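Please read the structure below before turning to the comments.
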Amino acid sequence: MNTKINISSILMFFLGLTLPIGEQMNQYLPYSSKWFVIVAFMVILYAGILIVKEGKSQLSKLQMQLLFVLILIFFINVIRIITGAESVSMYLLQEVLFALIALSITLIAPENKNTCKAFSIGYIMTFFVLTFFSSYNTYYGNEVRFVGTYLNPNRYALDIMLAMYILMSFIVDNKNKKNNRKILSTAILMLLFLFCAYLLLETGTRSVVLAVSICALLYIYYYCSAKQKIILSIIIPIIAIIILIIYADEMIFQRFMGGNYESSGYSDNIRWGIWQNYLSNTDKYWLTGITEQHMHTISKKTPHNTYLGVFVRYGVLCFAVTISFIFNLTKRAIKNIKRTALKGEKMMIYAMLSIFVVCMFMEMQHIRIFWVIIAMGIVVIENETVSKNNTINIDC
């Protein structure tokens, strides 16, 4: 029993440790951005061992839906490769692999109540170490954005978002502790949280800023007292005004609604024009979806929306299954937030809800952190259900 528990904790620790390593780190440590895949294969292997050796054949409803999404994506891609409609590519493999990793995490994480915390500690350690290797990049001649150790600032913004929620989980858990160093440790965690908020603004990724803001309001609504809400209603607008003043030129909020989407860049990337193009051509893909090559006949740009992207790439069946899965997951998440006391582990649920907001503005199927956050959200939600039946409990 102890061996099983240790293995799951160790695997989740290294999964968190390798998750935030971006491709620019390869110049310092060759293939370091691929270390996550190595650990992920070990997670998949261990999940398989649990299924075969320990008879973990029963899956929850959420796990079954995740499995169904995985199977659909896999078979659609296999059929396209066999028929020659699309060649084997890392892009196709990533979606299937990351979905499989997510399912495997939901199988091994409940094996030990410390696995979630092990993942969080591993992740936050690497995240802050990598800030020393982070850099800015210039886009379209004059727009400077913080990219961390990635080539794409949006990818780094997602890493920052998860780091913020993990720090919040530490703050919440620290609040419930009784020791003399609680005030000092909470202050340090708050400073690190504010530092992450600054980094997030420097990436210029609007969708993540919006997602975190929405979930922050959700947190305030459910967990703050009336007095705290009044105080925050004064403080938050002041902070927003300060941010607007500091980032008046860089943030360019008219990017939400203004600009030419055909030639869009950092300053005028309009989603609405892209979405209109795809939605007005549903007859070309609604049944079975279309390949990347055929997508360019509709628009020069990808859908910039995960939900629309699934519809365009895989057709109406995969779209319906995916939406059903996300809807049920969101419903369970909101119920969990409303009905149970605040614990650090709940921050993974907020991270998951934030990801679903970001999905409205970015395609996330091929991004590993998307699937990992969904998996951790499922673990926390399922654990709450199981703990009510007096079985296992996971504390992040």
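The values are calculated or read from the model by the stated rules, or taken from the named source; none is laboratory data. Given the structure is predicted, the values throughout are model-derived calculations rather than measurements. Cβ placement follows ideal geometry from the backbone for every residue including glycine, while neighbour counts extend to all protein chains displayed.
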Can you work out which of the residues in the stretch 17-52 that are surrounded by 14 or more Cβ atoms within 10 Å (Cβ to Cβ), among the aromatic types (F, W, Y) and touching a residue at least 40 places away in the same chain (Cβ under 8 Å) is nearest to I160 (Cα to Cα)?
F36
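Within the stretch 80-96, take every residue that is under 23 Å from the mean Cα position of the chain (by Cα) and at pLDDT below 85 and give me the one that is farthest from R368 (Cα to Cα).
Looking at residues that are under 23 Å from the mean Cα position of the chain (by Cα) and at pLDDT below 85, I get S89.
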Which residue pairs have Cβ atoms under 6 Å apart, sit 6 or more places apart or on different chains, and have a first residue in the stretch 83-104 that is within 21 Å of G289 (Cα to Cα) and a second that is at pLDDT 85 or above and of a type in the set (D, E, K, R)?
E86/R80; F98/R368
Breaking point among (1) out of contact with any helix residue (DSSP H, G or I) (no Cβ under 7 Å at 6 or more places or on another chain); (2) outside any helix (DSSP H, G or I); (3) not acidic (D, E), for R145:
(1)
Here are some conditions: (1) modelled with pLDDT under 90; (2) part of a helix (DSSP H, G or I); (3) surrounded by fewer than 16 Cβ atoms within 10 Å (Cβ to Cβ). N174 meets all but one. Which one does it not meet?
(3)
Within the stretch 288-315, the count of residues that are hydrophobic (A, V, I, L, M, F, W, C) and either farther than 22 Å from V358 by Cα or exposed (fewer than 15 other Cβ atoms within 10 Å of the Cβ) (or both) comes to 2
Taking only pairs six or more apart or across chains, which ones have beta-carbon atoms under 8 Å, a first residue in the stretch 128-143 that is within 19 Å of M164 (Cα to Cα), and a second residue that is at pLDDT below 95 and in a strand (DSSP E or B)?
L130/G148; T131/G148; S134/F146; S134/V147; S134/G148
Output the number of the condition that I239 fails; it satisfies all remaining conditions of (1) surrounded by 14 or more Cβ atoms within 10 Å (Cβ to Cβ); (2) at pLDDT below 85; (3) of a type in the set (A, V, I, L, M); (4) part of a helix (DSSP H, G or I).
(1)
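Here is a yes/no grid of residues against (1) more than 28 Å from E23 (Cα to Cα); (2) modelled with pLDDT under 85:
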{"residue": "L158", "(1), (2)": "no, no"}
{"residue": "Y165", "(1), (2)": "no, no"}
{"residue": "I183", "(1), (2)": "yes, yes"}
{"residue": "T205", "(1), (2)": "no, no"}
{"residue": "A216", "(1), (2)": "yes, no"}
{"residue": "I220", "(1), (2)": "yes, no"}
Can you give me the number of residues within the stretch 335-368 that are in contact with a Ser or Thr (Cβ under 8 Å, 6 or more places away or on another chain), in a loop (DSSP other than H, G, I, E, B) and buried (at least 20 other Cβ atoms within 10 Å of the Cβ)?
5
Answer yes or no: is there a residue in the stretch 112-135 that is surrounded by fewer than 19 Cβ atoms within 10 Å (Cβ to Cβ), hydroxyl-bearing (S, T, Y) and not in a helix (DSSP H, G or I).
yes
Say we look at the stretch 301-336 and pick out the residues that are over 18 Å from the mean Cα position of the chain (by Cα) and small (G, A, S); which of these is nearest to A216 (Cα to Cα)?
S324
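If you check T186 against the conditions, is it farther than 24 Å from I374 by Cβ and touching a helix residue (DSSP H, G or I) at 6+ places or on another chain (Cβ under 9 Å)?
Numbers: farther than 24 Å from I374 by Cβ: yes; touching a helix residue (DSSP H, G or I) at 6+ places or on another chain (Cβ under 9 Å): yes.
Considered against the rule, which asks whether it is farther than 24 Å from I374 by Cβ and touching a helix residue (DSSP H, G or I) at 6+ places or on another chain (Cβ under 9 Å), T186 comes out as yes.
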Count, please, the residues in the stretch 273-287 that happen to be surrounded by fewer than 13 Cβ atoms within 10 Å (Cβ to Cβ) and of a type in the set (G, A, S).
1
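Take I188 and tell me if it is more than 20 Å from the chain's Cα centre (by Cα) and either loosely packed, with under 13 Cβ neighbours inside 10 Å or among the hydrophobic types (A, V, I, L, M, F, W, C) (or both).
Here the answer is yes, as I188 does meet what is asked.
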For Y150, indicate whether it is touching a residue at least 12 places away in the same chain (Cβ under 8 Å), surrounded by 15 or more Cβ atoms within 10 Å (Cβ to Cβ) and assigned to a loop (DSSP other than H, G, I, E, B).
yes
Yes/no for R181 being of a type outside the set (F, W, Y) and closer than 20 Å to S32 by Cβ
no
